[in-house]
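Report on the following structure.
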Amino acid sequence: MSLSVFNTLGNRKEPFVPIVPGKVRMYVCGVTVYDLCHIGHARANVSFDIIVRYLRYAGYEVRYVRNFTDIDDKILRRANQEGIPFDAVTKKYIEAFHADFDRLGLLRPEAEPKATEHIREIVTLTERLVRAGKAYAVNGDVYYSVKSFPEYGKLSGKHVEDLLSGARVDVDERKEDPLDFALWKASRPGEPSWDSPWGPGRPGWHIECSAMSMKHLGETFDIHGGGKDLVFPHHENEIAQSEAATGRPFARYWLHNGFVNINNEKMSKSLGNFFTLRDVLGRVKPEALRFFFASSHYRSPIDYSEQSLAEAKAGLDRLYRVKEKAESCRAAGAIPAPLPEGEGYSPLAEAPGRFAEAMDDDFNTAAALGHLFDAVRAMNRIAPSDPASERERAGQFLAGYDLLDPLFAVLGLLRTGATEYFRGGLDSAHAGGVPFTGSLASELELVPAGRLPEGEILRRIEARKAARARKDYAEADRIRKELETAAVLLEDGKAGTTWKYRE
(Lines give C-alpha, C1' and ligand atoms only; values in the text may rest on other atoms or scores of the structure.)
Protein backbone atom coordinates (compact mmCIF):
# COMPACT_ATOMS: atom_id res chain seq x y z
CA MET A 1 0.00 0.00 0.00
CA SER A 2 1.38 3.43 -0.93
CA LEU A 3 0.89 6.53 1.17
CA SER A 4 -2.40 8.39 0.84
CA VAL A 5 -3.35 11.58 2.63
CA PHE A 6 -6.58 13.48 3.21
CA ASN A 7 -6.24 16.67 1.20
CA THR A 8 -8.38 19.54 2.48
CA LEU A 9 -8.05 20.96 -1.03
CA GLY A 10 -10.72 18.80 -2.63
CA ASN A 11 -11.90 17.34 0.70
CA ARG A 12 -10.82 13.82 -0.20
CA LYS A 13 -8.14 11.21 0.36
CA GLU A 14 -5.53 11.09 -2.40
CA PRO A 15 -2.37 9.14 -3.22
CA PHE A 16 0.65 11.11 -2.09
CA VAL A 17 2.98 11.84 -5.00
CA PRO A 18 5.71 14.39 -4.23
CA ILE A 19 6.83 16.85 -6.89
CA VAL A 20 10.35 15.42 -6.84
CA PRO A 21 10.41 11.62 -6.32
CA GLY A 22 11.77 10.72 -2.92
CA LYS A 23 11.79 14.30 -1.63
CA VAL A 24 9.16 16.18 0.38
CA ARG A 25 8.97 19.93 0.97
CA MET A 26 6.67 20.72 3.88
CA TYR A 27 5.56 23.97 5.52
CA VAL A 28 3.55 24.18 8.75
CA CYS A 29 2.12 27.39 10.16
CA GLY A 30 3.71 28.13 13.51
CA VAL A 31 2.63 30.28 16.42
CA THR A 32 2.34 34.01 17.03
CA VAL A 33 4.84 34.53 19.82
CA TYR A 34 3.15 36.73 22.41
CA ASP A 35 2.31 34.15 25.09
CA LEU A 36 2.98 30.60 26.22
CA CYS A 37 1.72 27.83 23.93
CA HIS A 38 -1.49 26.04 24.89
CA ILE A 39 -2.56 22.42 24.62
CA GLY A 40 -4.02 23.00 21.14
CA HIS A 41 -0.62 24.17 19.89
CA ALA A 42 0.87 21.02 21.39
CA ARG A 43 -1.58 18.79 19.53
CA ALA A 44 -0.79 20.48 16.20
CA ASN A 45 2.96 20.37 16.62
CA VAL A 46 3.08 16.76 17.80
CA SER A 47 0.84 15.72 14.89
CA PHE A 48 3.14 17.22 12.28
CA ASP A 49 6.23 16.02 14.13
CA ILE A 50 4.94 12.45 13.77
CA ILE A 51 4.15 13.04 10.09
CA VAL A 52 7.70 14.27 9.45
CA ARG A 53 9.15 11.32 11.39
CA TYR A 54 7.08 8.83 9.39
CA LEU A 55 7.95 10.36 6.03
CA ARG A 56 11.64 10.02 6.89
CA TYR A 57 11.11 6.48 8.18
CA ALA A 58 9.42 5.67 4.86
CA GLY A 59 12.54 6.82 3.00
CA TYR A 60 11.66 10.37 1.99
CA GLU A 61 14.14 13.20 2.25
CA VAL A 62 12.11 15.87 4.06
CA ARG A 63 12.76 19.60 4.20
CA TYR A 64 10.54 20.81 7.04
CA VAL A 65 9.85 24.52 7.59
CA ARG A 66 7.79 26.00 10.45
CA ASN A 67 7.52 29.76 10.95
CA PHE A 68 7.17 32.19 13.82
CA THR A 69 4.91 35.22 13.45
CA ASP A 70 6.94 37.81 15.34
CA ILE A 71 5.12 41.05 14.47
CA ASP A 72 1.40 41.36 15.18
CA ASP A 73 -1.15 43.47 17.07
CA LYS A 74 -1.15 41.01 19.99
CA ILE A 75 2.63 41.18 20.25
CA LEU A 76 2.53 44.99 20.28
CA ARG A 77 -0.15 45.00 22.98
CA ARG A 78 1.90 42.63 25.11
CA ALA A 79 5.01 44.78 24.64
CA ASN A 80 3.07 47.87 25.78
CA GLN A 81 1.67 46.02 28.80
CA GLU A 82 5.07 44.78 29.89
CA GLY A 83 6.91 47.99 28.99
CA ILE A 84 9.51 46.21 26.86
CA PRO A 85 10.39 46.30 23.12
CA PHE A 86 8.31 44.06 20.86
CA ASP A 87 11.35 41.97 19.91
CA ALA A 88 12.07 41.30 23.59
CA VAL A 89 8.55 39.83 23.83
CA THR A 90 9.07 37.62 20.78
CA LYS A 91 12.52 36.48 21.88
CA LYS A 92 11.15 35.49 25.28
CA TYR A 93 8.29 33.44 23.90
CA ILE A 94 10.33 31.81 21.13
CA GLU A 95 12.69 30.60 23.85
CA ALA A 96 9.69 29.39 25.85
CA PHE A 97 8.34 27.59 22.75
CA HIS A 98 11.62 25.74 22.24
CA ALA A 99 11.93 24.87 25.93
CA ASP A 100 8.42 23.40 26.07
CA PHE A 101 8.53 21.54 22.78
CA ASP A 102 12.04 20.20 23.30
CA ARG A 103 10.59 18.50 26.36
CA LEU A 104 7.94 16.96 24.12
CA GLY A 105 10.69 15.61 21.89
CA LEU A 106 9.83 17.62 18.78
CA LEU A 107 12.34 17.54 15.95
CA ARG A 108 13.64 20.98 15.06
CA PRO A 109 12.67 21.99 11.49
CA GLU A 110 15.35 22.68 8.90
CA ALA A 111 14.23 26.32 8.94
CA GLU A 112 12.22 28.41 11.43
CA PRO A 113 11.74 31.70 9.56
CA LYS A 114 10.51 34.83 11.30
CA ALA A 115 8.37 37.43 9.55
CA THR A 116 10.62 40.33 10.56
CA GLU A 117 13.57 38.61 8.88
CA HIS A 118 11.68 38.38 5.57
CA ILE A 119 10.43 41.92 5.05
CA ARG A 120 12.20 42.19 1.68
CA GLU A 121 10.49 39.05 0.39
CA ILE A 122 7.11 40.22 1.74
CA VAL A 123 7.43 43.63 0.08
CA THR A 124 8.54 42.04 -3.20
CA LEU A 125 5.58 39.65 -3.23
CA THR A 126 3.18 42.49 -2.44
CA GLU A 127 4.65 44.55 -5.28
CA ARG A 128 4.05 41.65 -7.68
CA LEU A 129 0.40 41.55 -6.67
CA VAL A 130 -0.02 45.31 -7.09
CA ARG A 131 1.58 45.22 -10.56
CA ALA A 132 -0.68 42.32 -11.56
CA GLY A 133 -3.79 44.27 -10.56
CA LYS A 134 -4.54 41.84 -7.73
CA ALA A 135 -3.89 44.36 -4.95
CA TYR A 136 -4.24 48.09 -4.43
CA ALA A 137 -2.75 50.74 -2.13
CA VAL A 138 -4.76 53.15 0.02
CA ASN A 139 -3.01 55.72 2.23
CA GLY A 140 -0.04 53.49 2.98
CA ASP A 141 -2.06 50.27 3.33
CA VAL A 142 -2.16 47.60 0.64
CA TYR A 143 -5.18 45.32 0.23
CA TYR A 144 -5.63 42.12 -1.74
CA SER A 145 -8.65 42.12 -4.05
CA VAL A 146 -10.51 38.88 -3.32
CA LYS A 147 -12.78 39.22 -6.36
CA SER A 148 -9.72 39.26 -8.60
CA PHE A 149 -9.13 35.58 -7.79
CA PRO A 150 -12.03 33.54 -9.28
CA GLU A 151 -11.07 30.38 -7.36
CA TYR A 152 -11.34 32.04 -3.94
CA GLY A 153 -12.96 29.55 -1.56
CA LYS A 154 -11.63 26.40 -3.20
CA LEU A 155 -9.88 25.24 -0.02
CA SER A 156 -12.62 25.98 2.53
CA GLY A 157 -15.61 25.38 0.26
CA LYS A 158 -16.93 28.86 1.05
CA HIS A 159 -18.54 30.97 -1.68
CA VAL A 160 -17.79 34.65 -2.11
CA GLU A 161 -21.48 35.48 -2.47
CA ASP A 162 -22.29 33.81 0.87
CA LEU A 163 -19.41 35.56 2.58
CA LEU A 164 -20.51 38.93 1.21
CA SER A 165 -24.09 38.44 2.41
CA GLY A 166 -22.83 38.21 5.99
CA ALA A 167 -20.14 40.86 5.77
CA ARG A 168 -20.37 44.29 7.32
CA VAL A 169 -19.81 46.76 4.51
CA ASP A 170 -18.70 49.48 6.92
CA VAL A 171 -15.75 47.60 8.38
CA ASP A 172 -13.26 49.72 6.43
CA GLU A 173 -14.56 52.18 3.87
CA ARG A 174 -11.17 52.35 2.19
CA LYS A 175 -11.56 48.79 0.93
CA GLU A 176 -12.99 48.24 -2.52
CA ASP A 177 -14.74 45.16 -1.14
CA PRO A 178 -15.44 44.09 2.46
CA LEU A 179 -13.71 40.72 1.87
CA ASP A 180 -10.40 42.29 0.83
CA PHE A 181 -7.60 41.76 3.33
CA ALA A 182 -4.42 43.63 4.24
CA LEU A 183 -1.08 42.69 2.72
CA TRP A 184 0.73 45.71 4.17
CA LYS A 185 -0.30 47.97 7.05
CA ALA A 186 0.77 51.58 7.42
CA SER A 187 2.49 52.08 10.76
CA ARG A 188 0.90 54.05 13.57
CA PRO A 189 2.88 56.40 15.83
CA GLY A 190 5.19 54.52 18.16
CA GLU A 191 4.89 51.21 16.29
CA PRO A 192 7.84 49.37 14.74
CA SER A 193 7.95 49.84 10.98
CA TRP A 194 9.88 48.98 7.86
CA ASP A 195 10.32 50.95 4.64
CA SER A 196 8.21 50.06 1.61
CA PRO A 197 7.05 51.66 -1.66
CA TRP A 198 3.84 52.63 0.18
CA GLY A 199 5.55 54.21 3.16
CA PRO A 200 6.65 52.86 6.55
CA GLY A 201 4.61 49.94 7.80
CA ARG A 202 4.55 46.26 8.62
CA PRO A 203 3.23 43.12 6.92
CA GLY A 204 -0.26 41.68 7.25
CA TRP A 205 -0.53 38.18 8.69
CA HIS A 206 -1.46 36.19 5.59
CA ILE A 207 1.29 37.49 3.29
CA GLU A 208 3.99 36.44 5.76
CA CYS A 209 3.46 32.72 5.27
CA SER A 210 3.29 32.98 1.48
CA ALA A 211 6.56 34.91 1.33
CA MET A 212 8.38 32.71 3.84
CA SER A 213 7.24 29.37 2.44
CA MET A 214 8.13 30.34 -1.13
CA LYS A 215 11.51 31.68 0.03
CA HIS A 216 12.44 28.39 1.69
CA LEU A 217 10.55 25.82 -0.38
CA GLY A 218 9.84 27.37 -3.79
CA GLU A 219 6.68 28.67 -5.45
CA THR A 220 5.08 25.21 -5.40
CA PHE A 221 5.78 22.67 -2.66
CA ASP A 222 4.30 19.40 -1.44
CA ILE A 223 2.59 19.79 1.94
CA HIS A 224 1.14 22.76 3.81
CA GLY A 225 -0.11 22.02 7.31
CA GLY A 226 -1.81 23.65 10.26
CA GLY A 227 -4.82 23.50 12.54
CA LYS A 228 -8.36 23.34 11.19
CA ASP A 229 -8.94 26.86 12.50
CA LEU A 230 -6.49 28.12 9.85
CA VAL A 231 -8.38 26.77 6.83
CA PHE A 232 -10.36 30.01 6.58
CA PRO A 233 -9.36 32.70 6.20
CA HIS A 234 -5.60 32.24 6.65
CA HIS A 235 -4.89 29.35 4.31
CA GLU A 236 -7.57 30.41 1.86
CA ASN A 237 -5.89 33.81 1.65
CA GLU A 238 -2.46 32.26 1.28
CA ILE A 239 -3.63 30.34 -1.77
CA ALA A 240 -5.29 33.38 -3.32
CA GLN A 241 -2.32 35.73 -2.99
CA SER A 242 0.34 33.13 -3.83
CA GLU A 243 -1.31 31.70 -6.92
CA ALA A 244 -2.33 35.15 -8.15
CA ALA A 245 1.32 36.21 -7.97
CA THR A 246 2.93 33.12 -9.51
CA GLY A 247 0.23 31.65 -11.74
CA ARG A 248 1.16 28.26 -10.31
CA PRO A 249 -0.36 25.93 -7.68
CA PHE A 250 0.85 26.92 -4.21
CA ALA A 251 0.81 23.70 -2.16
CA ARG A 252 -0.33 20.35 -3.52
CA TYR A 253 -1.57 18.77 -0.28
CA TRP A 254 -3.22 20.63 2.60
CA LEU A 255 -3.26 18.78 5.94
CA HIS A 256 -5.16 20.06 8.98
CA ASN A 257 -5.24 18.65 12.51
CA GLY A 258 -8.38 18.55 14.63
CA PHE A 259 -9.21 20.56 17.73
CA VAL A 260 -8.65 19.71 21.39
CA ASN A 261 -11.77 19.64 23.56
CA ILE A 262 -11.64 19.77 27.36
CA ASN A 263 -14.01 17.29 29.02
CA ASN A 264 -16.15 17.33 25.85
CA GLU A 265 -16.27 21.14 25.74
CA LYS A 266 -14.40 23.50 23.43
CA MET A 267 -11.31 24.93 25.09
CA SER A 268 -12.00 28.54 26.04
CA LYS A 269 -10.64 31.09 28.48
CA SER A 270 -14.19 32.20 29.27
CA LEU A 271 -15.10 28.65 30.37
CA GLY A 272 -12.07 28.41 32.63
CA ASN A 273 -10.81 25.29 30.83
CA PHE A 274 -7.83 26.82 29.06
CA PHE A 275 -4.50 25.07 29.65
CA THR A 276 -1.03 26.09 28.58
CA LEU A 277 1.34 23.34 27.56
CA ARG A 278 3.46 24.34 30.53
CA ASP A 279 0.45 23.83 32.83
CA VAL A 280 0.00 20.31 31.48
CA LEU A 281 3.68 19.37 31.63
CA GLY A 282 3.58 20.31 35.29
CA ARG A 283 1.21 17.37 35.82
CA VAL A 284 2.06 14.73 33.22
CA LYS A 285 5.15 13.26 31.64
CA PRO A 286 5.86 14.64 28.15
CA GLU A 287 5.77 11.20 26.53
CA ALA A 288 2.40 10.44 28.10
CA LEU A 289 1.06 13.56 26.40
CA ARG A 290 2.56 12.42 23.07
CA PHE A 291 0.95 9.00 23.61
CA PHE A 292 -2.39 10.70 24.29
CA PHE A 293 -2.20 12.66 21.03
CA ALA A 294 -1.09 9.61 19.03
CA SER A 295 -4.03 7.57 20.34
CA SER A 296 -6.38 9.54 18.05
CA HIS A 297 -6.18 10.26 14.34
CA TYR A 298 -4.62 13.66 13.79
CA ARG A 299 -7.67 14.98 11.91
CA SER A 300 -10.16 13.95 14.59
CA PRO A 301 -11.11 16.10 17.56
CA ILE A 302 -9.57 14.80 20.76
CA ASP A 303 -10.99 15.09 24.27
CA TYR A 304 -8.54 16.11 26.96
CA SER A 305 -9.41 15.02 30.48
CA GLU A 306 -7.73 13.63 33.58
CA GLN A 307 -9.10 10.21 32.71
CA SER A 308 -7.74 10.26 29.16
CA LEU A 309 -4.32 11.32 30.44
CA ALA A 310 -4.37 8.54 33.04
CA GLU A 311 -5.21 6.02 30.31
CA ALA A 312 -2.38 7.36 28.16
CA LYS A 313 0.09 7.00 31.02
CA ALA A 314 -1.08 3.45 31.67
CA GLY A 315 -0.56 2.55 28.01
CA LEU A 316 2.87 4.16 27.95
CA ASP A 317 3.82 2.31 31.14
CA ARG A 318 3.01 -0.98 29.41
CA LEU A 319 5.35 -0.13 26.56
CA TYR A 320 8.12 0.90 28.93
CA ARG A 321 7.76 -2.42 30.77
CA VAL A 322 8.63 -4.10 27.49
CA LYS A 323 11.65 -1.84 27.09
CA GLU A 324 12.63 -2.62 30.69
CA LYS A 325 12.61 -6.34 29.94
CA ALA A 326 14.59 -5.80 26.73
CA GLU A 327 17.19 -3.81 28.65
CA SER A 328 17.52 -6.62 31.19
CA CYS A 329 17.98 -9.13 28.37
CA ARG A 330 20.71 -7.00 26.84
CA ALA A 331 22.38 -6.52 30.23
CA ALA A 332 22.42 -10.29 30.68
CA GLY A 333 24.41 -10.63 27.46
CA ALA A 334 21.57 -11.83 25.24
CA ILE A 335 22.12 -11.73 21.48
CA PRO A 336 19.11 -11.21 19.15
CA ALA A 337 17.86 -14.60 17.94
CA PRO A 338 15.34 -15.60 15.25
CA LEU A 339 11.75 -15.05 16.32
CA PRO A 340 9.63 -18.11 17.00
CA GLU A 341 7.31 -19.14 14.20
CA GLY A 342 3.57 -19.68 14.38
CA GLU A 343 0.36 -17.73 14.03
CA GLY A 344 0.52 -16.53 17.62
CA TYR A 345 3.68 -14.57 16.84
CA SER A 346 2.58 -13.12 13.50
CA PRO A 347 1.50 -9.76 15.06
CA LEU A 348 5.15 -9.34 16.11
CA ALA A 349 6.81 -10.58 12.94
CA GLU A 350 4.44 -8.57 10.77
CA ALA A 351 4.42 -5.45 12.97
CA PRO A 352 6.54 -3.25 10.65
CA GLY A 353 4.27 -4.01 7.70
CA ARG A 354 1.05 -3.55 9.65
CA PHE A 355 2.38 -0.33 11.21
CA ALA A 356 3.30 1.05 7.78
CA GLU A 357 -0.08 0.09 6.38
CA ALA A 358 -1.81 2.09 9.12
CA MET A 359 0.46 5.09 8.73
CA ASP A 360 0.12 4.97 4.93
CA ASP A 361 -3.61 5.47 5.47
CA ASP A 362 -3.38 9.22 6.15
CA PHE A 363 -1.00 8.77 9.11
CA ASN A 364 -3.43 6.74 11.23
CA THR A 365 -1.48 6.70 14.48
CA ALA A 366 -4.38 5.20 16.44
CA ALA A 367 -4.37 2.08 14.25
CA ALA A 368 -0.58 2.01 14.26
CA LEU A 369 -0.54 2.02 18.07
CA GLY A 370 -3.05 -0.83 18.05
CA HIS A 371 -0.68 -2.93 15.95
CA LEU A 372 2.19 -2.14 18.31
CA PHE A 373 0.17 -3.39 21.28
CA ASP A 374 -0.74 -6.55 19.36
CA ALA A 375 2.97 -7.08 18.79
CA VAL A 376 3.76 -6.45 22.45
CA ARG A 377 1.22 -9.07 23.52
CA ALA A 378 2.91 -11.58 21.22
CA MET A 379 6.31 -10.58 22.60
CA ASN A 380 5.21 -11.14 26.16
CA ARG A 381 4.62 -14.80 25.33
CA ILE A 382 8.37 -15.24 24.96
CA ALA A 383 9.43 -12.94 27.78
CA PRO A 384 12.04 -14.77 29.91
CA SER A 385 11.57 -14.78 33.67
CA ASP A 386 15.36 -14.98 34.04
CA PRO A 387 17.25 -13.61 31.02
CA ALA A 388 20.57 -14.95 32.30
CA SER A 389 19.41 -18.58 32.28
CA GLU A 390 16.81 -18.49 29.47
CA ARG A 391 19.24 -17.42 26.77
CA GLU A 392 17.15 -18.39 23.75
CA ARG A 393 14.00 -16.68 24.96
CA ALA A 394 16.02 -13.62 25.98
CA GLY A 395 17.49 -13.44 22.47
CA GLN A 396 14.07 -13.79 20.86
CA PHE A 397 12.61 -11.13 23.11
CA LEU A 398 15.48 -8.79 22.33
CA ALA A 399 15.04 -9.37 18.60
CA GLY A 400 11.35 -8.57 18.94
CA TYR A 401 12.10 -5.31 20.71
CA ASP A 402 14.70 -4.33 18.13
CA LEU A 403 12.03 -4.90 15.47
CA LEU A 404 9.62 -2.53 17.22
CA ASP A 405 12.06 0.13 18.38
CA PRO A 406 12.11 2.10 15.07
CA LEU A 407 8.30 2.11 15.10
CA PHE A 408 8.19 3.58 18.60
CA ALA A 409 10.63 6.23 17.37
CA VAL A 410 8.23 7.27 14.60
CA LEU A 411 5.71 8.17 17.31
CA GLY A 412 8.42 9.81 19.42
CA LEU A 413 7.96 7.26 22.22
CA LEU A 414 10.34 5.32 24.50
CA ARG A 415 13.00 8.02 24.16
CA THR A 416 14.59 7.38 27.55
CA GLY A 417 15.80 4.40 29.54
CA ALA A 418 13.18 2.35 31.37
CA THR A 419 14.93 2.70 34.73
CA GLU A 420 14.99 6.47 34.36
CA TYR A 421 11.34 6.51 33.24
CA PHE A 422 10.10 4.49 36.23
CA ARG A 423 12.30 6.33 38.71
CA GLY A 424 9.48 8.83 39.08
CA GLY A 425 9.07 12.58 38.74
CA LEU A 426 7.57 14.51 35.88
CA ASP A 427 10.93 15.13 34.25
CA SER A 428 12.01 11.48 34.17
CA ALA A 429 11.16 11.37 30.48
CA HIS A 430 12.85 14.72 29.88
CA ALA A 431 14.53 14.84 26.49
CA GLY A 432 16.38 18.12 26.47
CA GLY A 433 15.37 21.74 26.83
CA VAL A 434 14.81 23.67 30.05
CA PRO A 435 13.60 21.68 33.08
CA PHE A 436 10.19 22.75 34.37
CA THR A 437 8.76 22.23 37.82
CA GLY A 438 5.23 23.41 37.10
CA SER A 439 5.50 26.03 39.82
CA LEU A 440 4.63 29.70 39.57
CA ALA A 441 8.30 30.53 40.17
CA SER A 442 9.32 28.95 36.86
CA GLU A 443 6.73 31.04 35.05
CA LEU A 444 8.19 34.20 36.58
CA GLU A 445 11.57 33.39 35.06
CA LEU A 446 10.08 34.22 31.67
CA VAL A 447 9.00 37.76 32.51
CA PRO A 448 10.97 40.77 33.71
CA ALA A 449 10.66 42.28 37.16
CA GLY A 450 8.51 39.41 38.45
CA ARG A 451 5.63 40.19 36.11
CA LEU A 452 3.40 37.33 35.11
CA PRO A 453 2.09 37.34 31.49
CA GLU A 454 -1.47 38.61 31.09
CA GLY A 455 -2.68 35.32 29.62
CA GLU A 456 -1.49 33.41 32.67
CA ILE A 457 -3.06 35.97 35.03
CA LEU A 458 -6.43 35.58 33.27
CA ARG A 459 -6.17 31.79 33.42
CA ARG A 460 -5.52 31.89 37.14
CA ILE A 461 -8.41 34.30 37.67
CA GLU A 462 -10.71 31.89 35.83
CA ALA A 463 -9.41 29.00 37.96
CA ARG A 464 -10.14 31.05 41.09
CA LYS A 465 -13.62 31.85 39.78
CA ALA A 466 -14.28 28.15 39.23
CA ALA A 467 -13.02 27.33 42.75
CA ARG A 468 -15.35 29.91 44.28
CA ALA A 469 -18.28 28.57 42.26
CA ARG A 470 -17.78 25.11 43.76
CA LYS A 471 -17.28 26.71 47.23
CA ASP A 472 -13.63 25.67 47.40
CA TYR A 473 -12.63 28.89 49.14
CA ALA A 474 -9.28 27.54 50.33
CA GLU A 475 -8.20 27.01 46.71
CA ALA A 476 -9.52 30.45 45.73
CA ASP A 477 -7.50 32.06 48.52
CA ARG A 478 -4.42 30.10 47.51
CA ILE A 479 -4.66 31.42 43.94
CA ARG A 480 -5.13 34.99 45.15
CA LYS A 481 -2.05 34.72 47.41
CA GLU A 482 -0.04 33.14 44.61
CA LEU A 483 -0.87 36.06 42.35
CA GLU A 484 -0.03 38.54 45.09
CA THR A 485 3.39 36.88 45.34
CA ALA A 486 3.75 37.60 41.62
CA ALA A 487 2.90 41.29 42.21
CA VAL A 488 -0.63 40.93 40.81
CA LEU A 489 -3.47 42.46 42.83
CA LEU A 490 -7.09 41.32 42.42
CA GLU A 491 -10.20 43.33 43.12
CA ASP A 492 -13.65 41.70 43.19
CA GLY A 493 -16.65 43.78 42.20
CA LYS A 494 -20.16 43.54 40.77
CA ALA A 495 -18.76 43.39 37.24
CA GLY A 496 -16.38 40.57 38.16
CA THR A 497 -12.71 40.41 39.09
CA THR A 498 -10.24 42.99 37.83
CA TRP A 499 -6.48 42.99 38.31
CA LYS A 500 -3.43 45.22 38.17
CA TYR A 501 0.29 44.93 38.66
CA ARG A 502 1.51 46.13 42.04
CA GLU A 503 3.82 49.11 41.56
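Of all residues in the range 209-226, none satisfies being farther than 22 Å from K23 by Cα and within 24 Å of the chain's Cα centre (by Cα).
In the condition set (1) under 31 Å from the mean Cα position of the chain (by Cα); (2) within 12 Å of A240 (Cβ to Cβ); (3) not acidic (D, E), K114 is compliant with all but (2).
Taking the residues in the range 336-357 that are buried (at least 22 other Cβ atoms within 10 Å of the Cβ) and of a type in the set (A, V, I, L, M) as candidates, determine which candidate is nearest to the chain's Cα centre (by Cα). Full working, then the answer.
In the first step, residues of the range 336-357 are kept if they are buried (at least 22 other Cβ atoms within 10 Å of the Cβ); the result is 348, 351, 355.
Subset that is of a type in the set (A, V, I, L, M): 348, 351.
Details: L348: 32, A351: 28 Å.
Per the criteria, the residue is A351.
Restricting attention to the range 316-329, the residues being of a type outside the set (D, E) and surrounded by fewer than 17 Cβ atoms within 10 Å (Cβ to Cβ) number 2. Looking at the range 269-382, the helices (runs of 4 or more DSSP H) lying wholly inside it that each contain 1 or more residues that are among the basic types (K, R) and under 30 Å from R468 (Cα atoms) sit at 277-281.
Is it true that N237 is within 28 Å of L155 (Cα to Cα), assigned by TED's automatic domain parsing to the domain that holds V146 and within 17 Å of the chain's Cα centre (by Cα)? Here the answer is no, as N237 does not meet what is asked. A single entry from S242, S196 fulfils the requirement of being of a type in the set (G, A, S), under 27 Å from V62 (Cβ atoms) and assigned by TED's automatic domain parsing to the domain that holds E117: S242.
Looking for something among the small types (G, A, S), under 30 Å from P192 (Cβ atoms) and in contact (Cβ under 8 Å) with a residue 60 or more places away in the chain - is there at least one such residue anywhere in the range 49-72? First the steps, then the outcome.
We begin by selecting, within the range 49-72, every residue among the small types (G, A, S); these are 58-59.
In the following step, the residues that additionally are under 30 Å from P192 (Cβ atoms) were identified as none.
Within the range 49-72, none of the residues are among the small types (G, A, S), under 30 Å from P192 (Cβ atoms) and in contact (Cβ under 8 Å) with a residue 60 or more places away in the chain.
Of the residues examined, N364 is one that is more than 16 Å from G315 (Cα to Cα) and either touching a residue at least 40 places away in the same chain (Cβ under 8 Å) or in the same structural domain as R43 (by TED's automatic domain parsing) (or both).
Residues in the range 401-412 that are buried (at least 23 other Cβ atoms within 10 Å of the Cβ) and either in a loop (DSSP other than H, G, I, E, B) or not assigned by TED's automatic domain parsing to the domain that holds N380 (or both): L411 only.
Only one of the numbered conditions (1) under 20 Å from M212 (Cα atoms); (2) at pLDDT below 95 is violated by I19, and that is (2).
Please verify whether the range 199-208 includes one or more residues that are surrounded by fewer than 20 Cβ atoms within 10 Å (Cβ to Cβ) and more than 28 Å from the chain's Cα centre (by Cα). There is at least one residue in the range 199-208 that is surrounded by fewer than 20 Cβ atoms within 10 Å (Cβ to Cβ) and more than 28 Å from the chain's Cα centre (by Cα). Just to be sure I understand the filter: pairs with C-beta atoms under 8 Å, separated by 6 or more residues or on different chains, first member in the range 285-297 and assigned by TED's automatic domain parsing to the domain that holds L413, second member surrounded by fewer than 23 Cβ atoms within 10 Å (Cβ to Cβ) and in a helix (DSSP H, G or I). Which pairs pass? Listed by first residue and then by second, the contacts come to nothing, as the list is empty.
Of everything in the range 269-289 that is at pLDDT 75 or above and basic (K, R), the residue that is nearest to D35 (Cα to Cα) is R278. Take the conditions (1) of a type outside the set (D, E, K, R); (2) surrounded by fewer than 18 Cβ atoms within 10 Å (Cβ to Cβ); (3) assigned by TED's automatic domain parsing to the domain that holds L104; A332 misses just one of them, which is (3).
Each row is one residue, and each column tells you yes or no for (1) surrounded by fewer than 16 Cβ atoms within 10 Å (Cβ to Cβ); (2) within 24 Å of D87 (Cβ to Cβ).
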residue	(1), (2)
R128	yes, no
A132	yes, no
G140	yes, yes
S145	no, no
F149	no, no
K158	yes, no
K175	no, no
W184	no, yes
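Tell me, which residue of the range 385-400 that is buried (at least 18 other Cβ atoms within 10 Å of the Cβ) and without any contact (Cβ under 8 Å) to a residue 40 or more places away in the chain is nearest to G344 (Cα to Cα)? Among those residues, the one meeting the criterion is R393. Kindly check whether there is at least one residue in the range 106-125 that is in the same structural domain as R188 (by TED's automatic domain parsing), out of contact with any strand residue (DSSP E or B) (no Cβ under 9 Å at 6 or more places or on another chain), buried (at least 18 other Cβ atoms within 10 Å of the Cβ) and within 23 Å of G40 (Cα to Cα). For the range 106-125, residues in the same structural domain as R188 (by TED's automatic domain parsing), out of contact with any strand residue (DSSP E or B) (no Cβ under 9 Å at 6 or more places or on another chain), buried (at least 18 other Cβ atoms within 10 Å of the Cβ) and within 23 Å of G40 (Cα to Cα): present.
The values are calculated or read from the model by the stated rules, or taken from the named source; none is laboratory data. This is a predicted model, so every value here is computed, not measured. Virtual Cβ from ideal backbone geometry, glycine too; neighbours counted across all protein chains shown.
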